[in-house]
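Student: The structure under discussion is supplied below as structure tokens; questions concerning it will follow.
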Amino acid sequence: MKHTPRVRWAEFAIESLIRVIGFSTVGFVILIFLFLLREGLPAFAQIDLGNLFGTRWYPTFGLFGTLPLILGSVLITISAIVIALPLGVAAAVFIREVAPNWAREILKPMIEVLAGIPSVVLGFFGMTLVAPIVRETFGAPTGLVAFTGALILAYMSLPTIISVAEDALDAVPKMYRDAGLAMGATQWQTIWRVVVPAARSGIVTAVMLGMGRAIGETMAVMMVTGNAARLPLGLDALFRPVRTMTATIAAEMGEVAHGSVHYHVLFAIGIILFVITFLINLAAASTMFRKRRRGGLR
Amino acid sequence: MRNRFVAQRVGFALLTLAALAVVIPILAVVAVIVIRGAAAINWEFLTAMPRDGMRAGGIFPAIVGTVVLTLGTAIVAIPLGVGGAIYLSEYARDTWVTRAIRLAIINLAGIPSVVYGLFGLGLFVLLLGFGTSIVAGSLTLSIMTLPVIISTAEEALRAVPTEFRTVSASLGGTRWQAIRHIVLPQALPGIITGVILGLLRAAGETAPILFTVAAFYLPRLPRSPLDQTMALPYHLYVVSTQVPGMPQKIQFGTALVLLGLVLSLNVVATMIRSYFRRRRQW
């Protein structure tokens, strides 16, 4: 069947448009990075590196030490993962391998609800209800400490961890389970010794994606961690206030003069965040691509 | 050999406990906010302007602001997101270019929301000169929602069987005609679900609108797309941290309205998805 030139022209136009849109996503990522560089790089020229990576963050006195902020982010991200990893993997195993159907039907939408709760609502909940409990349980002078932040963050990364880990468990061939059971192992032994190890790479991806979410989380963290820019070193660091990179940007960007040193430094923190999350995502994506190439044999 | 089964019992009990430890706090958050927030909700709270430095009156401009921002986001994000998904599922071959696009999408999904805020501030507010405005906020939010919309829409398009396209081609239809008249209509429910889920995220986000649109206290409705506006998530942040002596009633009421808006749209999306999944004939 022949097509009129009009049809052919319309076809060409629409296909080109779709192609442009397809490429634009890459454009956005590059654009975001370029903008961070454009506004953040001057910081490296305006103050020396010793100051920028120093231990004291007092912007009004020209002290822009980002080390406490970086370590603050690292501390609560790692603590959050330490809480969320066992919980999330156990919940995923429960949902996929153990739960009766009715429990699965309840659990899955519940976890979607958790994923849908806005971060600022969880932050508010953490401030008004979790922080007082933390204060009384651990006898800290304030409940707005790193631990409260880690707790809230753990629950925020749980939906990601559970759903990705569940997919990984789901991808383990049924043959493996049958083989385990046929050897006389109990269901528990099969899960623990065969299924979970077989899904390991997917579980690692799950944890990395959860970590990426946790390190970039802003509002909840800003509301519950107390925002004190001190070095989170020492054994009691978890029960002291901390300040993260994200919270610093969110709290201070609204008040700085555009083009000032402080403004550029906040963008420089944005660069650090972008690079960290980019690397985490790259690692997570590469395990996903590798898995796809190896096909059915994981 | 009985202790193997004892181990299994203990193991399963631990797994059950873990699942409960995930679910119970979710129930607690929702229950507490619904119960304590319900006391604040009345007609005046939903439809009046805030008064007395936000300590009294209603949250009407914040509700309107959130709706306007979400609509603005939809206008930009839907064509871009659906177009991108069509490209990836119907046109793209597995080359390094499409790998780069996929990687970019994964990355967009992982960029911290506050970094989107910085980007929006740098590009839309300052360089393009939109100022802190609904336009700048919507554009920022729509780039943030793109990955969600693209990946769910792509999944919906891929779920349409290849035969549909083959049959259309065998009747002499062009590729675009097949997409426009057969593939898109079939994938529409899935695409709508993805769009709602993406917009939900935008409606609940605070960090990207902090420096691009949100007004601290603006007891009137926005007048133009270049105007600032209040928005529910930022308003909740403000009333719970920035204003001393704020009645808890207003805080919980605002939290409930935001949570209710987001979760009810979530339910709508889930319903669309399960309804059409059951009705699907292929």
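Student: Can you tell me which residue is modelled with the lowest pLDDT among those in the stretch A:230-252 that are farther than 16 Å from A:Glu217 by Cα and among the hydrophobic types (A, V, I, L, M, F, W, C)?
Tutor: A:Leu235
Student: While we're looking at this one, here's another question. When you check A:Tyr155 against the structure, is it touching a Pro at 6+ places or on another chain (Cβ under 7 Å) and either outside any loop (DSSP other than H, G, I, E, B) or under 24 Å from A:Leu71 (Cβ atoms) (or both), yes or no?
Tutor: Details: touching a Pro at 6+ places or on another chain (Cβ under 7 Å): yes; either outside any loop (DSSP other than H, G, I, E, B) or under 24 Å from A:Leu71 (Cβ atoms) (or both): yes.
Yes: the conditions hold for A:Tyr155.
Student: Restricting the search to the stretch B:194-219, which residues are assigned to a helix (DSSP H, G or I), more than 9 Å from chain A (Cβ to nearest Cβ) and either surrounded by fewer than 23 Cβ atoms within 10 Å (Cβ to Cβ) or among the hydrophobic types (A, V, I, L, M, F, W, C) (or both)?
Tutor: Hits for the stretch B:194-219 are B:Val195, B:Ile196, B:Leu199, B:Ala202, B:Ile209.
Student: Going through the stretch A:171-192 one residue at a time, which ones are of a type outside the set (Phe, Trp, Tyr) and under 20 Å from B:Thr16 (Cβ atoms)?
Tutor: A:Arg177, A:Thr186, A:Gln187, A:Gln189, A:Thr190, A:Ile191, listed by residue number.
Student: Counting just the residues of the stretch B:158-179 that are part of a helix (DSSP H, G or I) and surrounded by 17 or more Cβ atoms within 10 Å (Cβ to Cβ), which one comes out farthest from the other protein chains (Cβ to nearest Cβ)?
Tutor: Residues of the stretch B:158-179 that are part of a helix (DSSP H, G or I), as a first pass: B:158, B:162-170, B:175-179.
With surrounded by 17 or more Cβ atoms within 10 Å (Cβ to Cβ) added as a condition, the list becomes B:165, B:168, B:176-179.
Values: B:Arg165: 15, B:Ser168: 12, B:Trp176: 5, B:Gln177: 8, B:Ala178: 11, B:Ile179: 9 Å.
Ranking the candidates gives B:Arg165 first.
Student: Among the residues in the stretch A:1-9, are any at the interface with chain B (Cβ under 8 Å from one of its Cβ atoms), within 24 Å of B:Gly83 (Cα to Cα), among the hydrophobic types (A, V, I, L, M, F, W, C) and not in a loop (DSSP other than H, G, I, E, B)?
Tutor: Yes - at least one qualifying residue is present in the stretch A:1-9.
Student: Ok, one more. Regarding B:Ser264, is this residue more than 9 Å from chain A (Cβ to nearest Cβ) and either touching a helix residue (DSSP H, G or I) at 6+ places or on another chain (Cβ under 7 Å) or outside any loop (DSSP other than H, G, I, E, B) (or both)?
Tutor: In short, yes.
Student: Would you check if there is a residue in the stretch B:66-80 being touching a Ser or Thr at 6+ places or on another chain (Cβ under 7 Å), away from chain A (no Cβ under 14 Å) and without any contact (Cβ under 8 Å) to a residue 24 or more places away in the chain?
Tutor: no
Student: Okay, moving on. If we keep just the residues of the stretch B:220-237 that are more than 10 Å from chain A (Cβ to nearest Cβ) and crowded, with 19+ Cβ neighbours inside 10 Å, which is nearest to B:Met54 (Cα to Cα)?
Tutor: B:Met230
Student: Also: Kindly state which helices (runs of 4 or more DSSP H) lie completely within the stretch A:53-134 and contain at least 3 residues that are within 18 Å of B:Leu259 (Cα to Cα) and either more than 8 Å from chain B (Cβ to nearest Cβ) or touching a residue at least 12 places away in the same chain (Cβ under 8 Å) (or both).
Tutor: Because the criterion is at least 3 residues that are within 18 Å of B:Leu259 (Cα to Cα) and either more than 8 Å from chain B (Cβ to nearest Cβ) or touching a residue at least 12 places away in the same chain (Cβ under 8 Å) (or both), the helices (runs of 4 or more DSSP H) in the stretch A:53-134 that meet it are A:101-116, A:119-125.
Student: May I ask you to verify whether B:Val114 is away from every other protein chain (no Cβ under 11 Å), within 30 Å of A:Gly210 (Cβ to Cβ) and touching a residue at least 12 places away in the same chain (Cβ under 8 Å)? Spell out the reasoning first.
Tutor: Values: away from every other protein chain (no Cβ under 11 Å): no; within 30 Å of A:Gly210 (Cβ to Cβ): yes; touching a residue at least 12 places away in the same chain (Cβ under 8 Å): yes.
In short, no.
Student: Also, quick follow-up: How about the stretch A:193-205: which of its residues are touching a Leu at 6+ places or on another chain (Cβ under 9 Å) and over 19 Å from B:Val10 (Cβ atoms)?
Tutor: Matches in the stretch A:193-205: A:Ala198, A:Ala199, A:Gly202, A:Ile203.
Student: Further question: Among the listed residues A:Leu209, A:Leu238, A:Leu233, which satisfies the condition of being outside any helix (DSSP H, G or I) and touching a residue at least 40 places away in the same chain (Cβ under 8 Å)?
Tutor: So the residue among A:Leu209, A:Leu238, A:Leu233 that is outside any helix (DSSP H, G or I) and touching a residue at least 40 places away in the same chain (Cβ under 8 Å) is A:Leu233.
Student: Can you tell me which condition B:Phe5 does not meet? The list is (1) surrounded by 13 or more Cβ atoms within 10 Å (Cβ to Cβ); (2) under 16 Å from A:Ile191 (Cβ atoms); (3) not small (Gly, Ala, Ser), and all the others hold.
Tutor: (1)
Student: Among the residues of the stretch A:240-261, count how many are over 23 Å from B:Ile111 (Cβ atoms) and more than 22 Å from the chain's Cα centre (by Cα).
Tutor: Total satisfying the criteria: 6.
Student: Would you mind stating whether A:Phe147 is part of a helix (DSSP H, G or I), buried (at least 20 other Cβ atoms within 10 Å of the Cβ), among the aromatic types (Phe, Trp, Tyr) and within 12 Å of chain B (Cβ to nearest Cβ)? Full working, then the answer.
Tutor: Details: part of a helix (DSSP H, G or I): yes; buried (at least 20 other Cβ atoms within 10 Å of the Cβ): yes; among the aromatic types (Phe, Trp, Tyr): yes; within 12 Å of chain B (Cβ to nearest Cβ): no.
It is false that A:Phe147 is part of a helix (DSSP H, G or I), buried (at least 20 other Cβ atoms within 10 Å of the Cβ), among the aromatic types (Phe, Trp, Tyr) and within 12 Å of chain B (Cβ to nearest Cβ).
Student: Something else now. Given the criteria in a helix (DSSP H, G or I) and within 9 Å of chain B (Cβ to nearest Cβ), does A:Ile161 qualify?
Tutor: No, not satisfied.
Student: Among the residues of the stretch A:10-37 satisfying the criterion of being touching a residue at least 40 places away in the same chain (Cβ under 8 Å) and surrounded by 18 or more Cβ atoms within 10 Å (Cβ to Cβ), which is nearest to the other protein chains (Cβ to nearest Cβ)? Steps first, please.
Tutor: Looking only at the stretch A:10-37, we keep the residues that are touching a residue at least 40 places away in the same chain (Cβ under 8 Å), and these are A:32-33, A:36-37.
Filter once more, so that each one left must be surrounded by 18 or more Cβ atoms within 10 Å (Cβ to Cβ): A:32-33, A:36.
Details: A:Ile32: 5, A:Phe33: 9, A:Leu36: 7 Å.
Top of the filtered list is A:Ile32.
Student: Quick one: in the stretch A:212-230, which of the residues that are assigned to a helix (DSSP H, G or I) and among the β-branched types (Val, Ile, Thr) is nearest to the other protein chains (Cβ to nearest Cβ)?
Tutor: Residues of the stretch A:212-230 assigned to a helix (DSSP H, G or I): A:212-216, A:219-224.
With the extra rule that they be among the β-branched types (Val, Ile, Thr), the set shrinks to A:215, A:221, A:224.
Working: A:Ile215: 7, A:Val221: 10, A:Val224: 10 Å.
Per the criteria, the residue is A:Ile215.
Student: Can you pull out every residue in the stretch A:182-210 that is more than 18 Å from A:Ala115 (Cβ to Cβ), of a type outside the set (Gly, Ala, Ser) and within 12 Å of another protein chain (Cβ to nearest Cβ)?
Tutor: Residues satisfying the conditions are A:Thr186, A:Gln187, A:Trp188, A:Gln189, A:Thr190, A:Ile191, A:Trp192, A:Arg193, A:Val196.
Student: Restricting to the stretch B:99-111, count the residues that are facing chain A (nearest Cβ under 7 Å) and either of a type outside the set (A, V, I, L, M) or more than 18 Å from B:Glu155 (Cβ to Cβ) (or both).
Tutor: Residues meeting the conditions: 4.
Student: Also, quick follow-up: With the requirement that a residue be surrounded by 20 or more Cβ atoms within 10 Å (Cβ to Cβ) and either away from chain B (no Cβ under 14 Å) or without any contact (Cβ under 8 Å) to a residue 60 or more places away in the chain (or both), what does the stretch A:248-265 give you?
Tutor: Once the filter is applied, which keeps residues that are surrounded by 20 or more Cβ atoms within 10 Å (Cβ to Cβ) and either away from chain B (no Cβ under 14 Å) or without any contact (Cβ under 8 Å) to a residue 60 or more places away in the chain (or both), the stretch A:248-265 yields A:Ile249, A:Ala250, A:Met253.
Student: Still on this structure: For residues that are aliphatic (A, V, I, L, M) and over 28 Å from the mean Cα position of the chain (by Cα), scanning just the stretch A:44-71, find the one that is farthest from A:Arg243 (Cα to Cα).
Tutor: A:Ala45
The values are calculated or read from the model by the stated rules, or taken from the named source; none is laboratory data. Given the structure is predicted, the values throughout are model-derived calculations rather than measurements. We place every Cβ from the backbone using ideal geometry, glycine too, and count neighbours over all the protein chains shown.
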